[in-house]
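Comments concern the structure below.
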Amino acid sequence: MTLRMIIDTDTAQDDAFALLIGLRHPGASLEAVTINYGNVAFDQMVENALYTIEVAGRAGQVPVYEGARLPLLAPFDDSSYVHGADGFGGAG
């Protein structure tokens, strides 16, 4: 039985690993990725998700949907000091 999934992420290193598992595991079917504000600039997170999907050999097969660009109630807390400006610690 195939596990159908949607992953909601802010696409830093740990999230890219989760995406890779969802994209490559034979028992999983990643149906979509949704992006919400988080660790670094929103557009960078979208780029990271698309890049991860491409690296997994699934470019154009998994839709990426944009969610909330900023927190609804609290100010945005940039975590680039942890994950680097690109969210991948400069590895992307």
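Each value in this text was obtained by applying a stated rule to the coordinates, not by laboratory testing. Keep in mind that this is a model prediction, so the values were computed, not measured. Heads up, the Cβs are rebuilt from the backbone with ideal geometry, glycines too, and the neighbour counts pull from every protein chain shown.
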(Q) Between a residue in region 52-65 that is touching a residue at least 40 places away in the same chain (Cβ under 8 Å) and any residue that is surrounded by fewer than 18 Cβ atoms within 10 Å (Cβ to Cβ) and of a type outside the set (D, E, K, R), which pairs come within a Cβ distance under 8 Å, given they are 6 or more apart or on different chains? (A) 52/20
**Q.** Residue pairs meeting the criteria (Cβ under 7 Å; at least 6 apart or on separate chains; first surrounded by fewer than 17 Cβ atoms within 10 Å (Cβ to Cβ), in region 31-45; second of a type in the set (Phe, Trp, Tyr))
**A.** 32/65; 34/65
(Q) Out of everything in region 50-92 that is assigned to a loop (DSSP other than H, G, I, E, B) and aromatic (Phe, Trp, Tyr), what residue ends up being nearest to residue 28 (Cα to Cα)? (A) 88
Q. Which members of region 1-15 meet the condition of being touching a residue at least 40 places away in the same chain (Cβ under 8 Å), among the aliphatic types (A, V, I, L, M) and surrounded by fewer than 21 Cβ atoms within 10 Å (Cβ to Cβ)?
A. none
Q: Filter region 46-65 for residues that are surrounded by 14 or more Cβ atoms within 10 Å (Cβ to Cβ) and acidic (Asp, Glu) and give the result.
A: 47
Q: For residue 85, state whether it is over 16 Å from residue 8 (Cβ atoms), surrounded by 12 or more Cβ atoms within 10 Å (Cβ to Cβ) and within 13 Å of the chain's Cα centre (by Cα).
A: no
Q: Within region 32-49, count every residue that is part of a helix (DSSP H, G or I) and either in contact with a Pro (Cβ under 7 Å, 6 or more places away or on another chain) or not small (Gly, Ala, Ser) (or both).
A: 7
Q: Output yes when any residue across region 7-16 is more than 12 Å from residue 87 (Cα to Cα), out of contact with any Gly (no Cβ under 8 Å at 6 or more places or on another chain) and not basic (Lys, Arg), and no when none is.
A: no
Q.
Just to be sure before I move on: is residue 27 closer than 16 Å to residue 4 by Cβ and among the small types (Gly, Ala, Ser) in the structure I sent?
A. yes
Q: Please determine, by comparing only the residues of region 1-31 that are part of a helix (DSSP H, G or I) and under 11 Å from the mean Cα position of the chain (by Cα), which one is nearest to residue 88 (Cα to Cα).
A: 13
